[in-house]
Amino acid sequence: AQKVTQAQTEISVVEKEDVTLDCVYETRDTTYYLFWYKQPPSGELVFLIRRNSFDEQNEISGRYSWNFQKSTSSFNFTITASQVVDSAVYFCALHGSGNTGKLIFGQGTTLQVKP
Amino acid sequence: EPEVTQTPSHQVTQMGQEVILRCVPISNHLYFYWYRQILGQKVEFLVSFYNNEISEKSEIFDDQFSVERPDGSNFTLKIRSTKLEDSAMYFCASSAHRTTGKANQPQHFGDGTRLSIL
């Protein structure tokens, strides 16, 4: 069975703090894909990153960075120098190679960045 | 940049009524999906659609639900007889590929239709 766990339900930080959102996944597939989406208060889902299981290189995009560790089945997301506009719900999602394209989402982490 | 378009943005319907949620996927995409998000909860997969047929559906997608691609541009989700528990945000998504074995194309999501059942 495939599963995504985001153990942190809510995180609250003060602006300019760094924050890491945890994501742990379960899959038996050897090839799979991991995603992060942002859901701001307006409700839409904003794609942030896709990572393939055979590419363990960490990625940085501006203030965002992702740490993919196959050994611990984790795909954590760090926001450096957080800003109020980062306040949103963040979802980690998994796509297995053998299925029909569906994404399996975690429960989401609500991030509140206070000024 | 091309977008997935969903209409209406908010739909209010009486319990027991039929409702049709509409989506216009990105034009060269081949795979289409519906997801549901009950308020405050995670996004849940409902159904995937490819080559004019359902390729996978979840337990949520029971006989009350159906999908259709009536023409070359629209992709609809119909709920035949709505229940209170159908109240949720419904997201349509599309992608160019399911998986290429190289780099999976991300699914592009619409902004969602908020369905409220009274």
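The values are calculated or read from the model by the stated rules, or taken from the named source; none is laboratory data. Not measured: the values here are computed from a predicted model. FYI the Cβ positions are ideal-geometry reconstructions off the backbone, even for glycines, and counts take in every protein chain you see. Surface accessibility is based on the protein's heavy atoms, side chains included, excluding ligands, DNA and RNA. Shrake-Rupley method; radii C 1.70, N 1.55, O 1.52, S 1.80 Å.
Values as computed for the structure displayed
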read-out	value
Residue among B:T82, B:T5 that alone is polar (S, T, N, Q), over 29 Å from A:A1 (Cα atoms) and within 13 Å of chain A (Cβ to nearest Cβ)	B:T5
Unmet criterion (only one of (1) closer than 23 Å to A:W36 by Cα; (2) facing another protein chain (nearest Cβ under 10 Å); (3) open to solvent by 40 Å² or more (accessible area, probe 1.4 Å); (4) modelled with pLDDT under 95) for B:T100	(2)
Hits in the stretch B:32-64 - residues which are in contact with a helix residue (DSSP H, G or I) (Cβ under 9 Å, 6 or more places away or on another chain) and of a type outside the set (A, V, I, L, M)	B:R36, B:Q64
Total residues in the stretch A:100-115, condition of a type outside the set (K, R), open to solvent by 20 Å² or more (accessible area, probe 1.4 Å) and within 11 Å of chain B (Cβ to nearest Cβ)	4
Flag if A:T30 is closer than 25 Å to B:G110 by Cα, out of contact with any Cys (no Cβ under 8 Å at 6 or more places or on another chain) and hydroxyl-bearing (S, T, Y)	no
Residue count for the stretch A:45-70, restricted to those that are within 14 Å of another protein chain (Cβ to nearest Cβ), of a type in the set (D, E, K, R) and surrounded by fewer than 17 Cβ atoms within 10 Å (Cβ to Cβ)	2
Only listed residue being in contact with an Asp or Glu (Cβ under 7 Å, 6 or more places away or on another chain) and surrounded by 11 or more Cβ atoms within 10 Å (Cβ to Cβ), chosen from B:S48, B:S66	B:S48
Some residue of the stretch A:59-69 being in a loop (DSSP other than H, G, I, E, B), within 27 Å of B:Y33 (Cα to Cα) and of a type outside the set (A, V, I, L, M)	no
Of all residues making up the stretch A:1-51, the number that are on the phi > 0 side of the Ramachandran plot and of a type in the set (S, T, N, Q)	0
Residue, farthest from A:G108 (Cα to Cα), within the stretch A:33-42, restricted to residues that are surrounded by 15 or more Cβ atoms within 10 Å (Cβ to Cβ) and within 9 Å of chain B (Cβ to nearest Cβ)	A:Y33
Whichever residue in the stretch A:71-86 is part of a loop (DSSP other than H, G, I, E, B) and open to solvent by 10 Å² or more (accessible area, probe 1.4 Å) and, among such residues, is nearest to the other protein chains (Cβ to nearest Cβ)	A:S73
Number of positions in the stretch A:11-35 that are part of a strand (DSSP E or B), in contact with a Leu (Cβ under 7 Å, 6 or more places away or on another chain) and at pLDDT below 95	3
Residue in the stretch A:87-96 that is closer than 28 Å to B:F32 by Cα, of a type in the set (A, V, I, L, M) and exposed (fewer than 14 other Cβ atoms within 10 Å of the Cβ) present	no
